[in-house]
């Protein structure tokens, strides 16, 4: 296959073991855990050029590059490959980039599908409920592992952006730039509602077995499929769906039945099936819950500005016009809290049609802004 | 033609902004003034711009810039959040001018406003004698493509401040980069006002 000259090329993940117990916000403890990571570029001698990329709901450590051993290597590119590489906005000739799979994930890091050493069975519903601050604490140990005192930047979209913000709140001295894209300071009732419908779809699937489906050699595919179909609807915009599918029919004419009639149904079913084929149902529950619980202002009587009081990072906050899941108004709440502290912050509202998913798209204005942020960082 | 000649009001603004002041530049364009203020007056602050190209230009200069429409209000900012709010060549392009001035004086302890003078003799000549809407170096637009919707003369703005109980702390009138004291409303091309509540 032909790899573009500005791509990071073939990559491979590594698993890092942490043998120190981690206690979660819920009070639960993991005695040990693994984090699966990928890195791109080289850490410089002063260890001042590290960038952490935090993933969103269904993301993982494979952020950029390709897998040589994939069934079709040309289709194995990382989920934010368009951003990262020599000459790309996050330039790997300058920066050392780390992508990880968060705790509770299903792509190699310790999660509900991992064998619980205490029982010899998968954790299942025994896996601790994880929160964004829990993830950030696990990520600090990852930074320690690499000898990184301070990240040049931490970035993420959506739930990833929340982790980047949490870093600046909990470990202000350890991050110089925070890029929170298509994020929100907390979920709205509607956001939580969508998550709960997705969770109910999974938890009421007879194959879910209260989270211990592994023992039954089944996967709650129907629930996963429904939750992904719903998720997809909320990530896209009405405009984009109109453009992409409209009322296009799968066949010649109405079939007067409930099989796939419209292209949009076919698309959603395809996405749902694909997702159900590889994603862990318990991980989906955990990730959506982490979203629900995220509310850094809560510890400060609801005052978001107070939550950011100790932050010292320079912030870049971006939102997309077509994103109704975390709309530009939600990003403004973040900006307002940062301004109240007189923190360094720039914000952008980027024209797009792709909805919440816009943050993954190589929109020229968006990528030019990201490039300017990274070019401005001294390492 | 030097940059100073194009924007002589920048010299006045730079002179008037105190060292170390917190500033908000509304309609900051490519950030030239904001960058100069940081360099020469060690200010800290933010620009606000609506255009993609300008936001990017500011980011490339390493400035803090917030993308948004200043006409939809300044609700991002708290009361008296800034020592100086700057509206350089911006006010004439706004629709809700009076409301904006009120907002500016809410978030700023003072404001510096620069305006093109529609009372300049060449403007009067073009309209009064030529019968055409004026076009000049400083008002380079045709009537159909101008972003400027609220023209005023220096006297108009003086009267506006009087009627709205806005205090004018100082005023400078410029023509070709020089201060104008004699017949300013006739001979001035650009006016710079420092105002407060």
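What follows is calculated from the coordinates using simple rules that are stated; it is not laboratory data. Keep in mind it's a predicted model, so treat the numbers as computed, not measured. Please note: Cβ atoms are built from the backbone with ideal geometry, for glycine as well, and neighbour counts cover all protein chains shown.
Structure summary
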{"read-out": "Percentage relative contact order, chain A, counting C-alpha pairs under 8 Å, at least six apart", "value": "17"}
{"read-out": "Relative exposure of A:243, B:49, judged by other C-beta atoms within 10 Å (fewest first)", "value": "A:243, B:49"}
{"read-out": "Packing-based ranking, highest mean first, of A:133-143, A:46-56 given that Cβ atoms within 10 Å are counted", "value": "A:46-56, A:133-143"}
{"read-out": "Semi-axis lengths (Å, descending) of the ellipsoid that matches the C-alpha gyration tensor of chain B", "value": "26, 18, 17"}
{"read-out": "The range A:189-321: C-alpha gyration tensor shape, a/c 1.5 cut-off, then a/b vs b/c", "value": "oblate"}
{"read-out": "For chain A, built as a Gaussian network whose Cα springs stay under 10 Å, the top-fluctuating residue of A:201, A:25, A:152", "value": "A:25"}
{"read-out": "Shielding of B:49-61 by partner chains, average beta-carbon count, 10 Å", "value": "4"}
{"read-out": "Translational diffusion coefficient (Stokes-Einstein; Kirkwood radius from C-alpha pairs) of the range A:42-178 at 10 °C, 1.306 mPa s, in µm²/s", "value": "100"}
{"read-out": "Chain B: most fluctuating residue of B:137, B:164, B:109 per GNM, C-alpha cutoff 10 Å", "value": "B:137"}
{"read-out": "Other protein chain Cβ atoms within 10 Å, averaged over every residue that makes up A:362-372", "value": "3"}
{"read-out": "Residue A:378 paired with residue B:142, simple spin-label distance in nm, labels 7 Å along Cα-to-beta-carbon", "value": "4.9"}
{"read-out": "Nearest 10 degrees, 0 to 90: helix B:97-107 Cα axis against chain B principal axis", "value": "30"}
{"read-out": "Antiparallel bridges, percent of DSSP beta bridges restricted to the protein assembly as shown (to nearest 5)", "value": "40"}
{"read-out": "Relative contact order (percent, whole number), the range A:1-90, Cα cutoff 8 Å, 6+ residue spacing", "value": "33"}
{"read-out": "Contact order relative to length of chain B, as percent, for alpha carbon pairs under 8 angstrom and 6 or more apart", "value": "20"}
{"read-out": "Residue among A:265, A:196, A:38 with the largest mean-square fluctuation in a Gaussian network model of chain A, springs linking Cα atoms under 10 Å", "value": "A:265"}
{"read-out": "In degrees, nearest ten, helix B:154-163 long axis to first principal axis of chain B (Cα)", "value": "60"}
{"read-out": "Ranked list, fewest to most other Cβ atoms within 10 Å of each Cβ, for A:106, B:58", "value": "A:106, B:58"}
{"read-out": "Normalised alpha carbon radius of gyration of the protein assembly as shown [divisor 2.2 N^0.38 Å]", "value": "1.13"}
{"read-out": "Least to most buried among B:86, A:3 (fewest other Cβ within 10 Å first)", "value": "A:3, B:86"}
